[in-house]
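**Q** Sharing a structure below in structure tokens format, with a few things to ask.
The values are calculated or read from the model by the stated rules, or taken from the named source; none is laboratory data. Computed from a prediction, not measured in an experiment: that's the story for all the values here. Every residue, glycine as well, gets a Cβ built from its backbone with ideal geometry; the counts of neighbours run over all protein chains shown. Remember, those area values only see protein heavy atoms, side chains included, never the ligands or the DNA or RNA. Shrake-Rupley method; radii C 1.70, N 1.55, O 1.52, S 1.80 Å.
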Amino acid sequence: CRKICSSEEDENLIKRAFFLAREAHQGVLRRSGEPYILHPLAVALIVVDEIGLGVKSVVAALLHDVVEDTDYTVEDIENLFGAKIANMVDGLTKMSGVFKTDVSEQAENFRKMLLTLSDDVRVILIKIADRLHNMRTLGSMPVGKQMKITSETIYLFAPLAYRLGLYLIKSELEDLTLKYRFPEEY
């Protein structure tokens, strides 16, 4: 992330976020058996290298699952990293809740979420990065979960990536969807 840091303060902000995320996810493993911290790191790398976002977005990417999965609150994040980053993390946390409901409720929740988050598109971009990494590591999930995740990806995330000009990400999301939905043909 040094290429996006314009000061030592930027580097320290990213380091603090990394160490908080590492501590918060200590001992937690992904379904693949990898340490959980590798996921927010991968999302942060996508945010920098593939989307081109800056320091605050990297910090939010590193912290994107901390509030949802640990005892940390949005208020804790605000006290440690400021209101803007806390709002981004809060938006990412709320966005995760959208996908844990039935289809019609999910559509309404997603509509509301897009309206409330339209003031900071970085939240949606980080969520796309999160989905891209989850799709890249989808092989360790049960087939039923793969089908649910690929459906959301092809109907929501790929078109959203396209509309936001993330053509390579859109294509990769589509390719990964085909890989898991139609493995024989793929």
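**Q** Taking the mean number of other Cβ atoms within 10 Å as a proxy for protection, how do you rank 13-23, 159-169, 61-71 from highest to lowest?
**A** Values: 13-23: 18.0, 159-169: 15.8, 61-71: 21.7.
The peptides rank, most packed first, as 61-71, 13-23, 159-169.
**Q** What number, rounded to the nearest 500 deg cm²/dmol, is the helix-based mean residue ellipticity at 222 nm of the chain, given -39500 (n - 2.57) per DSSP H run of at least four residues and division by all its residues?
**A** On the way: 11 runs with 124 residues, N = 186.
Taken over the chain, the calculation gives -20500 deg cm²/dmol.
**Q** At a 10 angstrom cut-off on C-beta neighbours, averaged per residue, how do the peptides 122-128, 24-30, 39-45 rank from highest to lowest?
**A** Values: 122-128: 23.1, 24-30: 13.9, 39-45: 21.6.
Packing proxy ranking, top to bottom: 122-128, 39-45, 24-30.
**Q** Relative to the Cα centre, what is the charge dipole magnitude of the chain, using +1 at the beta carbon of each Lys and Arg, -1 at the beta carbon of each Asp and Glu, and rounding to the nearest 20 debye?
**A** On the way: 23 positive and 28 negative charges, 77 e Å.
My answer is approximately 360 debye.
**Q** Please work out, to two decimal places, the log10 of the ratio I(q)/I(0) at q = 0.14, 0.19 Å⁻¹ from a Debye calculation in which every Cα of the chain carries one identical scatterer.
**A** Computed log10 I(q)/I(0) values: -0.78, -1.44.
**Q** Could I have the simple spin-label model distance between GLN26 and SER151, label points 7 Å from Cα toward Cβ, reported in nm to one decimal?
**A** The modelled label-to-label distance comes out at 4.0 nm.
**Q** If you build the Cα gyration tensor of region 1-73 and take the root of 5 times each eigenvalue, what three semi-axes come out, in whole angstrom, biggest first?
**A** On the way: eigenvalues 92, 38, 19 Å².
Its equivalent ellipsoid spans semi-axes of 21, 14, 10 Å.
**Q** Let me ask something else. How many Å² of accessible area per residue for the chain, probe 1.4 Å? Please report the intermediate quantities before stating the final value.
**A** Values: 9880 Å² over 186 residues.
Result: 53 Å² per residue.
**Q** Checking a compactness column here: for region 139-186, what do you get for Rg(Cα) / (2.2 N^0.38 Å), N being the number of residues? Intermediate values should be presented prior to the final figure.
**A** Values: Rg = 10.8 Å, N = 48, 2.2 N^0.38 = 9.6 Å.
So region 139-186 has a normalised radius of gyration of 1.13.
**Q** Same structure, new question: How much of the accessible area of the chain, probe 1.4 Å, is carbon plus sulfur, in whole percent?
**A** Roughly 54 percent, rounded to a whole number.
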